[in-house]
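Structure first, commentary second.
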Amino acid sequence: MLNTIRTVKICFVIGFVLLLLSSGCAAARRITVGSDDNKDFPSIQEAVNAAKAGDTVYVYNGLYMENIYLDKEISVRSISGNPEKNVVTAKNPGDHVFHVIANNVTISGFSINGANDTLKAGIYLENTQGIMISNNRLSSNRLGVYLDSSTTNMLNLNNVSENEVGIFLNDSGNNWIINNKVEMNSLRGILLEASDRNQLKGNLLHFNAGYGLMLSNSSKNLIYDNYFQNSENVGYEGTNLENDWNMSMKRGINIVGGPYIGGNYWTSPESTAVCVIEDLDDNGLCDTSYDLGEGNIDYMPLIRRPQIFQGRERPITVTLFGLGLFILILTVFIVRRVMGWGKDRYEKK
């Protein structure tokens with residue numbers, strides 16, 4: 001009897017948990033945004049207002065003149081995934097285009113522009129965590145992406161160009177800035193201000209005026225496997241301590257195609273590389289360190305080798321090998337057929 005009661009209780013608990021899970025899954029909805037009557041809403045903000053935590057707002061191709069306030073844990077995605085076909089422009093240029101105050105939000109697949117007032121951004125994260133900003137193009141804003149007192153967020157695969165500052169972290173730590181193109185911004189590419197323990201990896205920082213990366217009272221950040229090519233690659237303000245500019249060498253394709261991951265690739269707008277031939281052990285890492293000033297040192301700067309020779313070496317080798325093999329086979333064939341070699345010596349005549 002006791003066992004029966006216990007079994008009933010266990011079944012009841014399992015059933016209750018399954019009910020909760022199923023109800024939670026059922027609650028997540030797909031809300032569409034577009035200009036025709038088949039879509040749920042004509043504007044992104046209306047869809048956000050109607051959404052609940054866990055919902056996804058899918059935006060169809062078009063131009064949307066809006067300033068969007070995100071205060072719910074939802075995803076906002078373009079349905080095509082093509083930023084060029086999904087443009088969100090600030091209706092009020094004096095405000096952020098996307099202003100996010102909720103945690104665990106995703107914004108993906110948009111061109112975002114038009115925030116023109118001081119400290120206004122294409123995407124502004126205010127005291128958030130768990131945000132994913134991916135596959136967006138942010139241009140023609142004062143700030144492309146602005147993280148303010150925000151932690152454990154990820155910026156991945158975005159093109160952040162032609163703003164005043166591309167990516168700005170203020171009092172924000174433990175964020176990941178990975179695999180972004182940060183190009184042609186007029187004041188700074190990336191600015192870390194009072195922001196510690198962030199990771200910058202796999203970013204292209206190209207042709208930014210002022211500085212590619214500015215550190216201002218920011219310490220203990222890990223900055224490696226990035227491609228720097230700016231008027232001034234790195235600048236400093238205030239006190240910046242214990243920033244690491246390389247990781248321990250490990251096998252893996254680095255940002256310039258070398259066989260090991262270590263530090264960063266450093267060059268000038270004229271493509272004059274810091275390290276060209278000093279690689280006696282042929283691992284793609286410079287044998288000498290690169291002093292960035294104020295105690296910041298990249299101990300494993302990357303080398304970019306000319307690709308033309310690497311690309312031709314293998315085909316030539318394969319071709320010569322194939323030619324030699326063909327000649328050998330042809331020789332054996334001629335010898336066997338013409339001179340009678342290789343016949344069975346015991347063949348009956």
Could you look through segment 110-132, keep only residues that are touching a Pro at 6+ places or on another chain (Cβ under 6 Å) and not in a strand (DSSP E or B), and pick out the one that is nearest to Ser80 (Cα to Cα)?
Phe110
Regarding Leu302, is this residue under 22 Å from the mean Cα position of the chain (by Cα), among the aliphatic types (A, V, I, L, M) and either in the same structural domain as Lys250 (by TED's automatic domain parsing) or at pLDDT 85 or above (or both)?
yes
Go through segment 209-229 and report how many residues are part of a loop (DSSP other than H, G, I, E, B) and over 22 Å from Gly257 (Cβ atoms).
7
Provide a single number: the residues in segment 165-178 that are under 8 Å from Gly189 (Cα atoms) and free of Cβ contacts under 8 Å to residues at least 40 places away in the same chain.
2
Within segment 78-107, the residues that are assigned to a strand (DSSP E or B), surrounded by fewer than 20 Cβ atoms within 10 Å (Cβ to Cβ) and among the polar types (S, T, N, Q) are Thr89, Thr106
Those residues of segment 197-233 which are of a type in the set (Phe, Trp, Tyr) and surrounded by fewer than 17 Cβ atoms within 10 Å (Cβ to Cβ) amount to Phe207
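Each row is one residue, and each column tells you yes or no for (1) out of contact with any Ser or Thr (no Cβ under 6 Å at 6 or more places or on another chain); (2) assigned by TED's automatic domain parsing to the domain that holds Asp171; (3) among the polar types (S, T, N, Q).
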{"residue": "Glu46", "(1), (2), (3)": "yes, no, no"}
{"residue": "Tyr60", "(1), (2), (3)": "yes, no, no"}
{"residue": "Met65", "(1), (2), (3)": "no, no, no"}
{"residue": "Leu70", "(1), (2), (3)": "yes, no, no"}
{"residue": "Pro93", "(1), (2), (3)": "yes, no, no"}
{"residue": "His96", "(1), (2), (3)": "yes, no, no"}
{"residue": "Gln129", "(1), (2), (3)": "no, no, yes"}
Being under 26 Å from Thr118 (Cα atoms), in a strand (DSSP E or B) and touching a strand residue (DSSP E or B) at 6+ places or on another chain (Cβ under 7 Å) narrows it down to one residue among Tyr58, Tyr64; which is it?
Tyr64
Taking the condition farther than 20 Å from Asp281 by Cβ and in the same structural domain as Cys286 (by TED's automatic domain parsing), does Lys220 pass?
yes
Return the residue satisfying two criteria in turn: it lies in segment 133-155 and is outside any strand (DSSP E or B) and surrounded by 24 or more Cβ atoms within 10 Å (Cβ to Cβ), and of such residues it is farthest from the chain's Cα centre (by Cα).
Asn141
Look through segment 156-176, keep the residues that are within 14 Å of Gln199 (Cα to Cα) and part of a loop (DSSP other than H, G, I, E, B), and return whichever of them is nearest to the chain's Cα centre (by Cα).
Asn175
Can you name the condition, by its number, that Gly81 falls short on among (1) out of contact with any Gly (no Cβ under 7 Å at 6 or more places or on another chain); (2) modelled with pLDDT of 95 or more?
(1)
Report yes if Ser161 is out of contact with any Pro (no Cβ under 8 Å at 6 or more places or on another chain), crowded, with 17+ Cβ neighbours inside 10 Å, on the phi > 0 side of the Ramachandran plot and touching a residue at least 12 places away in the same chain (Cβ under 8 Å), otherwise no.
no
Please indicate, with yes or no, whether at least one residue in segment 137-146 is touching a helix residue (DSSP H, G or I) at 6+ places or on another chain (Cβ under 8 Å) and touching a residue at least 12 places away in the same chain (Cβ under 8 Å).
yes
Looking only at segment 240-250, decide whether some residue is surrounded by fewer than 15 Cβ atoms within 10 Å (Cβ to Cβ), part of a strand (DSSP E or B) and under 21 Å from the mean Cα position of the chain (by Cα).
yes
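One line per residue, one yes/no per condition, for (1) of a type in the set (A, V, I, L, M, F, W, C); (2) more than 24 Å from the chain's Cα centre (by Cα):
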residue	(1), (2)
Val33	yes, yes
Ile44	yes, yes
Ala47	yes, yes
Lys52	no, yes
Leu70	yes, no
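The values are calculated or read from the model by the stated rules, or taken from the named source; none is laboratory data. All values reported here derive from a predicted model rather than from experimental measurement. Note that we place each Cβ from the backbone using ideal geometry, even for glycine, and neighbour counts take in every protein chain shown.
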